Amino acid sequence: MIPRRVNGGWLAKPEARLLDAMVHHVPARIGPDTLTGIGIFGAALGAAGFALGVSSLFSLLLVFLGFGLNWLGDSLDGKVARHRRIERKVQGFVLDNGVDLISYTLVTVGFAASGLVSLPIPFLLLALYMLLSNLALARMLITGVHNLAIDTVGTTELRVCFMLLATLLYLLPGVFLAMVPGLGLSVLDGLSLLWAGIMLVNFGFVLRRDIRAAGLADQRQARADARAEENDA
């Protein structure tokens, strides 16, 4: 079963309108696979911009260009496939999730290589995001819906956050890289760990909610099976 796709991100509605307008203007020679490749290339460029420490205008522009291309490719590949009626529902679903994982990993490695934060923190954030993403995939068994966002934050919202972070690091490096007295951590380290803590708490609440919803689904299925057995008797 291919789940129904929804996007609960806070930018989803204006983004959908923009993509609907753009899909008609994609040249015929540019297909979904090319757009997927552009998306991965954009993630690599964005990662390179962060790896350079966002210490120059060039690296900042690299981050913006990279995440812009990543958004363009990642958002339009499936849209173009559906518009041209060449969608591969099963293969496309698997490919989209695999490419997203590659992009997340590239950005994480770039951020870790930057030296802007202590080395374990980017990978901790990636692991926590993967925990929440995995719950969203498991939730499809209950709802039959694949929500592209975690709560109200999807990949588009994450890109905006990363570009905003890059801008702040370029304009105010002394603020975010200053050390917090007595902690041995920079301000950016502290903010990153705060974000990690919020994600971990959110994971606990979401897991509890999903376990309850799964229990109710099991009960409904058990009643349906019992009725089916009675009808067969």
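Is it true that Val54 is among the hydrophobic types (A, V, I, L, M, F, W, C) and either under 16 Å from Asn97 (Cα atoms) or at pLDDT below 95 (or both)?
Working: among the hydrophobic types (A, V, I, L, M, F, W, C): yes; either under 16 Å from Asn97 (Cα atoms) or at pLDDT below 95 (or both): yes.
Yes.
If I ask for residues that are in a helix (DSSP H, G or I) and of a type in the set (Gly, Ala, Ser), which ones from region 31-51 would you list?
Let us first name the residues in region 31-51 that are in a helix (DSSP H, G or I), namely 32-51.
Listed by number, the residues that qualify are Gly37, Gly39, Gly42, Ala43, Ala44, Gly46, Ala47, Ala48, Gly49, Ala51.
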Handout entry: So Pro14, is it within 30 Å of Leu171 (Cβ to Cβ), free of Cβ contacts under 8 Å to residues at least 24 places away in the same chain and not hydrophobic (A, V, I, L, M, F, W, C)
Key = yes
Exercise for the section: State all residues of region 201-219 that are within 30 Å of Phe176 (Cα to Cα) and surrounded by 14 or more Cβ atoms within 10 Å (Cβ to Cβ); if no residue qualifies, say none. Expected result: Asn202, Phe203
Problem - Matching residues, region 173-195, being assigned to a helix (DSSP H, G or I), closer than 19 Å to Pro122 by Cβ and touching a residue at least 12 places away in the same chain (Cβ under 8 Å) - result: Pro173, Phe176, Val187, Leu188, Asp189, Leu191, Ser192, Leu193, Trp195
Handout entry: Cβ pairs under 8 Å, 6+ apart, first in region 72-91 and closer than 18 Å to Arg17 by Cα, second assigned to a loop (DSSP other than H, G, I, E, B) and among the aliphatic types (A, V, I, L, M)
Key = Leu76/Val26; Val80/Val26; Val80/Ile30
Practice task
Just give me the residues in region 128-145 being within 22 Å of Ile40 (Cα to Cα) and not in a helix (DSSP H, G or I), in sequence order.
Solution key: none
Completion exercise
Filtering region 67-86 for residues that are buried (at least 17 other Cβ atoms within 10 Å of the Cβ) and not in a helix (DSSP H, G or I) leaves a count of 0
Handout entry: Residues being surrounded by fewer than 14 Cβ atoms within 10 Å (Cβ to Cβ) and of a type in the set (A, V, I, L, M) - total across region 182-199
Key = 3
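The values are calculated or read from the model by the stated rules, or taken from the named source; none is laboratory data. From a predicted model like this one, the values you see are computed outputs, not experimental measurements. Heads up, the Cβs are rebuilt from the backbone with ideal geometry, glycines too, and the neighbour counts pull from every protein chain shown.
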